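S.K.: First the structure, then my questions, so here it is.
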Number of protein chains: 2
Amino acid sequence: MRYHRSDVVARAISVLDEYGLESLTMRRLATELGVQPSALYHHVPNKQTLLAAVADEILLRGKRPRRAERWDRRVVEICSELRDAMLAYRDGAEVVVTAHTFGLGAGEPAGQLRAALRDGGLSEDVVDVGTRALLHLVFGHTVEEQMALQAASAGAINHAPGGPADFERGLDLVLDGLRARVNG
Amino acid sequence: MRYHRSDVVARAISVLDEYGLESLTMRRLATELGVQPSALYHHVPNKQTLLAAVADEILLRGKRPRRAERWDRRVVEICSELRDAMLAYRDGAEVVVTAHTFGLGAGEPAGQLRAALRDGGLSEDVVDVGTRALLHLVFGHTVEEQMALQAASAGAINHAPGGPADFERGLDLVLDGLRARVNG
DNA sequence: ACCTGAACACCGTTCAAGT
DNA sequence: ACCTGAACACCGTTCAAGT
């Protein structure tokens, strides 16, 4: 069988979702595709790049239309989409956050947040600080939430971070600060 | 030579600081101590536990006396100490954040933040949301900042997150939201 | 262009045996 | 109690050779 890069990425996502990140090895993925490990390197230069492509694809699959008019509602929309996209696959948050940490792909959410904050009339400095704060909040919350979900499904009872409600309450904390800085 | 657990942890930190997290392997650490890899398992049950102990020790070494009276100034103090402690060692932020993600050690900063927010007269719900938001902000910011520092020292020019000023501006965003909720 | 086969240079961890 | 020596079951990546 002959594969393309997109086949490799797609299969990587299904291995990730079914067996988790620790099982997503180049060798395991090759076996899953019925191919030698070395064959993967015709489609992808290395594992890091593959994981970045997986992160991008996870975000792409989670895309939704923008509905909100007000800038602060749009921020909530963007952040919720981001959270939902990451939660849709096992270890999705971990993969997306790691890729973002290493400066690979996943630059789109940041761009959309920046645009929303600029629409709100915030100064360029505040746009910078606010975008970073929002991203860190979404990433941190979602990694923690997914961790708790997986721990819970493995039998452990834990003081979970709570679902979308707790998420939006954290967001609102930062949004309050940002609203106070409009035309500041 | 006969070692104790604390020797192993201390040496792990110096390997981390000098060669980075990717070089901190059990085998490398063993070589550094002049011992067989298997000998390490007399002091530590596995690598994950060792890394959690390293994270705790990094935070311990960064401890400073509390000076601030007002609860919101104390939050800044706690968060700044946390950031400085992680920045003090190469890949320190990565190690501390990973340990925290897996629910290992590093529970102290959360406890101190909770106490400060309670002193501010915030409701228990807001204390929960606020503590998590602050931790995610500090962790996210510091990992990003340390990444940029290391990239810069490796020659790359990058739109860095900025030093303590940008850090405190992000913190202030959340603190504004929290101040607005006192007796709310 | 895409893949195989074989190798290189590593990992974390276990366990019988020594002192 | 602490360590050695040897092994087990893996990794990511490279590269000559095949079709």
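S.K.: In this structure, is residue A:9 within 16 Å of DNA strand D (Cβ to nearest atom), in a helix (DSSP H, G or I) and open to solvent by less than 40 Å² (accessible area, probe 1.4 Å)? Step through it out loud before you land on a result.
M.R.: Working: within 16 Å of DNA strand D (Cβ to nearest atom): yes; in a helix (DSSP H, G or I): yes; open to solvent by less than 40 Å² (accessible area, probe 1.4 Å): yes.
Answer is yes for this residue.
S.K.: Continuing with the same structure: Looking at B:51, B:21, B:33, can you tell me which residue is within 14 Å of DNA strand C (Cβ to nearest atom), within 14 Å of another protein chain (Cβ to nearest Cβ) and of a type in the set (A, V, I, L, M, F, W, C)? So that I can check it myself, show each step before the final result.
M.R.: On the way: B:51 fails: within 14 Å of another protein chain (Cβ to nearest Cβ); B:33 fails: within 14 Å of another protein chain (Cβ to nearest Cβ).
Going through B:51, B:21, B:33 in turn, the sole match is B:21.
S.K.: Here are A:129, A:143: which of them is in contact (Cβ under 8 Å) with a residue 40 or more places away in the chain and under 21 Å from residue B:142 (Cβ atoms)? I'd like the intermediate steps shown before the answer.
M.R.: Numbers: A:129 fails: in contact (Cβ under 8 Å) with a residue 40 or more places away in the chain.
When all the criteria are applied, what remains is A:143.
S.K.: Still on this structure: Name the single residue that is farthest from DNA strand D (Cβ to nearest atom) among those in region B:20-49 being part of a loop (DSSP other than H, G, I, E, B), open to solvent by less than 30 Å² (accessible area, probe 1.4 Å) and among the aliphatic types (A, V, I, L, M). Give the derivation first.
M.R.: Taking region B:20-49 and keeping what is part of a loop (DSSP other than H, G, I, E, B), we get B:20, B:24-25, B:34-36, B:43-46.
Then keep just the ones that are open to solvent by less than 30 Å² (accessible area, probe 1.4 Å); that gives B:20, B:24, B:44.
Narrowing further to those that are among the aliphatic types (A, V, I, L, M): B:24, B:44.
Numbers: B:24: 17, B:44: 10 Å.
Top of the filtered list is B:24.
S.K.: Please pick out the residue among B:149, B:60 that is closer than 30 Å to residue A:150 by Cβ, more than 16 Å from DNA strand D (Cβ to nearest atom) and either modelled with pLDDT of 95 or more or surrounded by 15 or more Cβ atoms within 10 Å (Cβ to Cβ) (or both). Spell out how you get there, then give the answer.
M.R.: Working: B:149 fails: closer than 30 Å to residue A:150 by Cβ.
Only one candidate qualifies: B:60.
S.K.: Among the candidates B:172, B:176, B:119, B:166, which residue alone is without any contact (Cβ under 8 Å) to a residue 40 or more places away in the chain and either assigned by the TED database to the domain that holds residue B:22 or open to solvent by 50 Å² or more (accessible area, probe 1.4 Å) (or both)? Walk me through how you get there before you give the answer.
M.R.: On the way: B:176 fails: either assigned by the TED database to the domain that holds residue B:22 or open to solvent by 50 Å² or more (accessible area, probe 1.4 Å) (or both); B:119 fails: without any contact (Cβ under 8 Å) to a residue 40 or more places away in the chain; B:166 fails: either assigned by the TED database to the domain that holds residue B:22 or open to solvent by 50 Å² or more (accessible area, probe 1.4 Å) (or both).
On inspection, the qualifying residue turns out to be B:172.
The values are calculated or read from the model by the stated rules, or taken from the named source; none is laboratory data. Because the structure is predicted, anything quoted here is derived from the model rather than measured. Virtual Cβ from ideal backbone geometry, glycine too; neighbours counted across all protein chains shown. Quick note on the areas: whole protein, heavy atoms, side chains included, nothing else; ligands and nucleic acids left out. Shrake-Rupley method; radii C 1.70, N 1.55, O 1.52, S 1.80 Å.
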